[in-house]
Structures are given as C-alpha cells and as structure tokens.
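Here's the structure, in structure tokens; my notes come after.
The values are calculated or read from the model by the stated rules, or taken from the named source; none is laboratory data. Being a predicted model, the structure only gives us computed values, none of them experimental. In this analysis, Cβ positions are derived from the backbone assuming ideal geometry, glycine residues included, and neighbour counts consider all displayed protein chains. Remember, those area values only see protein heavy atoms, side chains included, never the ligands or the DNA or RNA. Shrake-Rupley method; radii C 1.70, N 1.55, O 1.52, S 1.80 Å.
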Amino acid sequence: MPLSSRSIRLGLFAASIAGLGVFSPHASALDWLQFRGSDTTSSSSEITPLPVDNSLPATWEVPTAARGISSPIVIGDSVVVTSSGGEDERDLYIEAFDAEDGSRRWLRTLHALGRPYTHPTSANASPSPASDGEKIVALFSSCDLVCLKTDGTPLWYRALAVDHPRTGNDVSMSSSPVILDDVVAVQLENQGDSFSSGVDLETGETLWTRSRPRRSGWATPVAVRLPDPAFVFQNSDGIEIVAARSGELIATLAISGSITSSPTWAPPLLLVPGNGITAFNLREPSFPIAWENTRLNCRSASPVVHHGQVIVNQGSVLAAADFSTGESTWKTRMRDVKSVWATPIATASGIYVVDQSGTITVVGEVDASENEGDSGTTKVEVLGIAEFTGPMLATPAVSDGSLFLRSDSSLIKLAQPTGTESKPAPE
C-alpha cells in the first residue's frame with residue numbers, strides 16, 4: 001500500500017524545498033548522482049515496486065566486473081558502479097550499464113597506486129561515485145581518484161596517496177566524493193595522513209588541502225549553499241564548513257558528530273548525527289541549533305528526510321521525528337532486520353531498509369481507520385519483505401520508478417510490472 005495522500009503532499013513540498021540545495025544544472029529530475037541521491041536526503045517522490053506475498057522479482061540482475069560495496073548512481077539512462085578485484089583488490093573498475101535492459105555500456109580499468117587493504121566485509125571499491133550529469137568521479141579506498149565523461153572517456157587521474165602515503169586504514173576509506181560548482185571534495189580521515197581536499201573537476205588540480213584529526217572516520221561530506229558554495233566535513237571533533245573553491249574555513253560547529261553516519265542537508269537544516277541528531281539552521285546568522293533529539297540515534301546509516309519527517313535506522317527499528325521541530329512522531333520494529341549498513345531509501349511507496357544479508361523490508365503508513373478507536377488515523381508498519389542474495393552493504397539508487405540494488409558482486413533492477421504507473425505520485 002502506498003503512503004497516505006497527506007504524506008505525499010508533504011513529500012512534494014519537501015522536494016520543492018530541496019530545490020534550493022545543490023542540484024547540478026546538468027542533472028535531470030530522474031538522476032541519482034551520488035551517495036544518498038542528488039540532494040543527499042535519500043528520498044524520492046516516485047512510486048516504486050512493493051513486495052507481493054513476500055516476493056519482489058528482479059527485472060534484471062547482472063554481474064559486476066568485480067566485488068564492491070559502493071552505491072550505484074544513475075545518470076540519464078545509465079547506471080554506474082565501481083568494483084575492485086585481483087591481487088589485494090588492486091584492480092579497479094568503473095562500469096556503466098543500460099538502465100533499461102542491464103547490458104554493459106562501457107568498462108574502464110585502472111591499477112591502485114595507494115594502500116588497497118581493507119576488512120574482508122568491505123572493499124577497495126567502498127566509496128560511491130558521484131556525477132554532475134556530465135562527468136563522473138570515482139574514488140577508491142586506495143585514494144585513487146579518477147574522472148571520466150559519462151560515456152566512459154577518461155579525463156584525468158590522481159593518485160592522492162603519492163602526496164599522502166600514510167593515508168589508509170584496515171577497514172576501508174569509504175567516505176564518498178561530492179561535487180559542487182566544478183569542485184570535487186574528498187574527506188580521507190585515518191590515523192596517518194588525515195586530510196580533506198578540494199580538486200578542480202575540469203583539470204584534476206588540487207585547489208586546497210586541509211589537515212584533519214588523526215583518527216579513522218567514514219562520514220561523507222555534503223555540499224551546501226550559504227548562499228555561496230561550501231562543503232561540510234563532520235567527525236567526532238565537530239563540524240567544519242569550508243568554502244568550496246578556496247578551502248577557507250567559514251565556521252566551526254562545536255559538536256561531536258558521528259564518524260560513520262553522514263550529515264544530511266535539507267535546506268535550511270543541516271542534520272548532524274552523533275548523540276542523536278542535532279539540527280543546525282544554516283540560513284540564519286551564526287548557524288543556530290534549531291532542535292536536538294537524542295533518541296534519533298543513527299548507528300551506521302545516515303538520516304533520511306522524507307514527507308516532512310526525519311527517519312533513522314536503529315538496526316531492527318525505524319524511528320521518525322518532525323523535520324521542523326525534531327519531536328518524535330513514530331517508531332516501528334522490523335523483525336526480519338538484523339544488521340544494516342546501507343542508508344534506507346524513502347519513496348512515495350514506502351521506506352526500503354536493506355539488511356546486510358540481502359533482505360529488503362519495506363515500511364510505510366497504512367490506514368488504521370478500520371480498527372476500533374482509530375478512526376481517521378494512520379499507523380506505520382511493515383508493508384512487505386523480499387529476499388535477495390547478499391551480502392548487501394550499499395545504499396540503493398532510485399530512478400524512473402525503479403530501484404537499483406548493489407550486492408557484493410551484482411547490480412539488480414527492481415521495476416514496476418509492465419503497464420504499472422511508476423512516475424511521481426500525484427498530489
């Protein structure tokens with residue numbers, strides 16, 4: 001069952017607010033250009049397929065060139081993923097598949113020059129690629145950074161480990177790159193050479209580099225407009241807001257942020273996971289705290305903003321709060337969910353939670369008016385479950401009413417049955 005019409009209206013309103021964010025002028029409405037989507041809210045207003053009788057058949061499933069835990073991105077009618085394999089996973093792959101039939105469009109390979117070692121559950125292909133709609137940048141745990149055109153033509157390559165040879169950890173450097181106004185931001189935090197950098201998207205030249213605390217971190221930066229373009233870097237020491245082109249420090253927010261969950265930008269609020277969630281209003285002078293909710297612990301996944309609510313995954317529990325006030329609104333338990341690393345994806349059909357085992361659980365609102373005493377109300381519960389072959393640690397992508405899942409060694413498309421409406425839900 002789809003979410004209520006009221007929730008859909010709220011979602012469309014939230015989408016219009018997100019338009020004040022950082023969308024690329026080259027992107028279309030159907031693109032999913034980076035980890036957690038083009039606007040980092042992990043939200044889509046489209047109607048997507050739901051399990052029926054605990055089954056959700058794949059439209060297609062194709063093997064990737066090697067293994068990886070990076071999320072797919074969607075650019076036009078192409079789905080792009082990264083992989084790594086060979087000895088010590090030094091062989092790096094970037095490939096594009098046709099979104100319609102899953103056929104491979106192109107494959108590019110390179111060899112890691114940096115430190116490729118990761119935990120067995122992770123991969124050198126851990127960071128997710130990003131795009132501005134015309135170019136693709138792919139970062140690997142070995143600190144190899146490459147830029148290509150969307151047709152796969154290589155443009156430039158940077159071995160960041162040449163300048164930072166002690167960058168790396170034994171889990172993986174899984175923070176993903178982000179793009180804003182022709183600047184690529186990377187956040188590579190570890191116990192050795194820990195740094196953030198801005199790289200020119202056109203030339204690959206390093207524009208600036210800033211030292212970061214010498215401890216491991218996996219949070220992905222976010223791009224914001226204040227109104228000038230800037231990047232937000234989060235770790236347990238606090239938040240740094242840095243000018244996109246110059247690297248100049250704009251502000252520091254004294255708060256202990258998560259080292260695994262990433263911040264979410266949903267103008268005007270920056271949601272910082274840490275001790276629950278703290279929301280900063282970046283449209284006001286001095287960036288005041290708008291609200292705090294210590295019950296919104298995110299664990300490993302990042303906050304989702306959808307239908308006027310903030311939604312967080314807490315293992316087998318989903319919890320939500322009002323986006324404007326931070327007041328808790330609902331909580332529901334998912335009995336089939338055990339270990340979650342992927343950030344949930346919310347659409348007009350429901351909230352998709354991907355368990356590491358490959359179990360997909362969809363949660364959403366249902367009409368509770370048939371229950372005595374619940375007239376005119378809704379409740380949140382599990383709408384359906386589907387099983388796929390894991391492991392699955394990657395956050396899915398959404399485009400044109402379809403979901404794209406990444407398993408350890410394959411890419412999967414879930415689409416509406418032929419003839420079923422899959423466009424954004426009407427108001």
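Numbers at a glance
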{"quantity": "Rounded to whole Hz, the Karplus (6.51, -1.76, 1.60) HN-Hα couplings of segment 147-162, x for glycine and proline", "calculated": "10, 9, 6, 5, 8, x, 5, x, 10, 7, 9, 10, 8, 5, 6, 5"}
{"quantity": "Pairs of Cα atoms farther than 22 Å apart, segment 215-352, %", "calculated": "35"}
{"quantity": "Dipole magnitude of the chain about its Cα centre (Cβ charges: Lys, Arg +1; Asp, Glu -1), debye to nearest 20", "calculated": "820"}
{"quantity": "Heavy-atom accessible area per residue - segment 68-222, 1.4 Å, Å²", "calculated": "34"}
{"quantity": "Lysines whose Cα lies under 20 Å from that of K413, excluding same-chain neighbours fewer than 8 positions away", "calculated": "K423"}
{"quantity": "Convex hull per residue volume in Å³, alpha carbons only, for segment 51-110", "calculated": "102"}
{"quantity": "Sparse-neighbour loop sites [GluC sites (Glu not before Pro); segment 212-306; at most 15 other C-beta within 10 Å; DSSP]", "calculated": "E248"}
{"quantity": "Sequence-distant aspartates and glutamates (8 or more away, or on other chains) whose Cα lies within less than 14 Å of K149", "calculated": "E95, D132, E134, D182, E202"}
{"quantity": "Under the Karplus curve 6.51 cos²θ - 1.76 cosθ + 1.60, θ = phi - 60°, whole-Hz ³J(HN,Hα) for segment 130-138, x wherever Gly or Pro sits", "calculated": "9, 8, 9, x, 10, 10, 10, 10, 10"}
{"quantity": "Listed residues Q187, Q234, Q416, most fluctuating in the chain (Gaussian network, C-alpha, under 10 Å)", "calculated": "Q416"}
{"quantity": "Choice from S38, S172, S328 showing the highest fluctuation, given a GNM over the chain with Cα pairs closer than 10 Å", "calculated": "S328"}
{"quantity": "Percent of C-alpha pairs per 10 Å bin, the chain, short to long", "calculated": "5, 24, 35, 26, 9, 1, 0"}
{"quantity": "Accessible-area ranking of Y352, Y157, largest first, probe 1.4 Å", "calculated": "Y157, Y352"}
{"quantity": "Surface accessible to a 1.4 Å probe, R245 within the full protein complex, Å²", "calculated": "120"}
{"quantity": "Surface accessible to a 1.4 Å probe, D237 within the full protein complex, Å²", "calculated": "90"}
{"quantity": "Estimated [θ] at 222 nm from DSSP helical runs (n ≥ 4, -39500 (n - 2.57)) normalised by residues in the chain, nearest 500", "calculated": "-1000 deg cm²/dmol"}
{"quantity": "The chain, relative contact order in percent, only Cα pairs under 8 angstrom and at least six apart counted", "calculated": "18"}
{"quantity": "Percent carbon-and-sulfur accessible area, the chain, ignoring ligands, DNA and RNA, probe 1.4 Å", "calculated": "49"}
{"quantity": "By accessible area with a 1.4 Å probe, ligands and nucleic acids excluded, highest first: order of S258, S103", "calculated": "S103, S258"}
{"quantity": "Options G152, S103, W60, ranked by Cα towards positive dipole end of segment 58-199, top entry (Cβ charges)", "calculated": "G152"}
{"quantity": "Most mobile listed residue (M173, M392, M334) in the chain, GNM with C-alpha springs under 10 Å", "calculated": "M334"}
{"quantity": "Burial ranking of peptide ranges 335-343, 71-79 (average Cβ count within 10 Å, highest at the top)", "calculated": "71-79, 335-343"}
{"quantity": "Under-5 Å amide H pairs with L207, H placed in peptide plane, nonlocal only", "calculated": "G198, V199, D200"}
